[in-house]
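Below: the structure, in structure tokens.
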């Protein structure tokens, strides 16, 4: 069983969030928050050691937190232990000088964690410096021996920490920490305001684009609707014209049918007259033939009667004529 202290907690972070995060490293026996710290008791010491080695942690969206061992201080030796602790801390503490952006706590912790575990980071951007405290002297020496340090594309000045008055220094550190927290909160607030303004601007631009597209679509649809109405009007006019033409054609067809019927009636009448004339002509022709035959028969009878009469008369004349006449006739013959 091992107890770990989590520092630099945000006031909005609750114990459930911390417990759920710490359970990813092992079983938790106890977890409670006091001020800006959280006391977590692991069932296994190895889990606690792994949790401390992985520090700093980002439990939620409110920033990074540091994890250290919880130490029990006896009242009789509290002063000596405090002096020893402060002396050890001073031996592992560095002074960092740079720009305000470089001296942000999260940037410094992220950068110097490559050299070892950072126990404490106190930033004072207004005065242009910050202090970094490592857990061991090896990490301190490793960071100090580095020839040049660069953060966010700019160089950092790293030098050993010098303490004039430990009490004043701790007081100043606490003051700097509070100022740093206030600046950090203000920066977060400003960042959130900027993010809100940016998102608001993006939403306004998006709404304006959507409104513009909507207006363009409405204009396009109105144009298409006008074209459709014009086409419908044109089609209606063409339909009326076709109806009128169809009516005229129907009238012409009815007139043609009527004329055709009249022609058929006239043709029938002419055919009847023709047939009647033909019958009359045939009757006349028959009567003519009959009459002709009758006339021919009568002529033959008359000729026969005339010839008989002539022959009788000639006989009588010959008989009655004198002989000389007969002789003359014979001579002529």
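Of all the listed residues (139, 155), the sole one being more than 14 Å from residue 94 (Cα to Cα) and at pLDDT 85 or above is 155. Residues in segment 12-29 that are out of contact with any helix residue (DSSP H, G or I) (no Cβ under 9 Å at 6 or more places or on another chain) and more than 13 Å from residue 59 (Cβ to Cβ): 29 only. Scanning segment 15-37 for residues being surrounded by 14 or more Cβ atoms within 10 Å (Cβ to Cβ), modelled with pLDDT under 85 and either in a loop (DSSP other than H, G, I, E, B) or not assigned by TED's automatic domain parsing to the domain that holds residue 61 (or both) gives a total of 1. Go through (1) over 18 Å from residue 66 (Cα atoms); (2) at pLDDT 80 or above for residue 120 and report which single condition fails. Going through (1) over 18 Å from residue 66 (Cα atoms); (2) at pLDDT 80 or above one by one, residue 120 breaks only (1).
The values are calculated or read from the model by the stated rules, or taken from the named source; none is laboratory data. Given the structure is predicted, the values throughout are model-derived calculations rather than measurements. Virtual Cβ from ideal backbone geometry, glycine too; neighbours counted across all protein chains shown.
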